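For reference, the structure is listed below as structure tokens.
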Amino acid sequence: MVKAYVLIVNNSGTEDSVISNLNHISSITNAFGTFGAYDILTTLESPDEQNIQNDISNGIRKIPNIRSTLTLLVDKKSGISKTNEIEQKVLDNHMAQAFVVIHCAKSNEQNIIQKLDEIPEVVEADVLIGNYEMICKIAAPTYNTISELVSKKIRKIPEIKSTMTINVINFQGFNR
């Protein structure tokens, strides 16, 4: 299975319209309204990489009101996923969540994955191909707690050079 994340910047106030259009693209498994440097984060999955490329180029990028996108292709190296579908629904309804994009030394990805796996609030992590080396999803009771987790646990991992936190807006988006 091929997986990618697409970070989207859209015209102000058009998030609901863009998310509605994203819901019609078959390889998108979820879309989240976010706050921070990007307005929307989507995850795409397909058995065929060409299908994902087509959905990004001819689907996502053609949606009105999208100003720019950043595609993060997931490497086939193993990542982590700690939640099942039911647990994820509980997190979606009762916890603050964020994605953390990580820049690190390329040769240390598996070591960092192991260290991220030791942090209970990290519910997913993937190794990436391209501008960034990893992305992880964290869940905590509040956004302040997320901020503390990023600064006191994730950024303290010696091999991590920098991070960018993308906070999820609960109830703006969809999961399939």
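Readers should treat all values here as calculations from the given coordinates under stated rules, not as data from a laboratory. Note that the structure is a prediction, hence the values are computed from the model and not measured.
Counting C-alpha atoms alone, how compact is the stretch 131-176: give Rg to one decimal and Dmax as a whole number, in angstrom.
Cα only, the stretch 131-176: 12.3, 36 Å (Rg, Dmax).
Considering only LEU149, LEU70, LEU44, give the residue with the highest GNM mean-square fluctuation for the chain, with springs between Cα atoms whenever their separation is below 10 Å.
So, out of LEU149, LEU70, LEU44, the one fluctuating most is LEU70.
Number of Lys pairs in the chain with C-alpha atoms less than 12 angstrom apart, excluding same-chain neighbours closer than eight positions?
Going through the chain pair by pair, I get 6.
Cut-off 10 angstrom, C-alpha nodes, Gaussian network model of the chain. Which of GLU109, GLU124, GLU87 fluctuates the most?
Comparing GLU109, GLU124, GLU87 in a Gaussian network model of the chain, the most mobile one is GLU87.
Could you list the square roots of 5 times each eigenvalue of the Cα gyration tensor of the stretch 21-69, that is, the equivalent ellipsoid semi-axes, sorted largest first and rounded to whole Å?
On the way: eigenvalues 68, 30, 17 Å².
That gives 18, 12, 9 Å for the three semi-axes.
Could you go through the stretch 146-161 in sequence order and give the Karplus-derived ³J(HN,Hα) for each residue, using 6.51 cos²θ - 1.76 cosθ + 1.60 with θ = phi - 60°, rounded to whole Hz, and x for Gly and Pro?
Taking θ as phi minus 60°, the curve returns 4, 4, 5, 4, 5, 6, 9, 10, 5, 5, 7, 5, x, 7, 7, 8 Hz for the stretch 146-161.
Calculate, axis by axis, the spread of Cα positions in the stretch 80-170 along the three principal axes, and write the results as whole Å, longest axis first.
For the stretch 80-170, the Cα spread along each principal axis is 36, 25, 23 Å.
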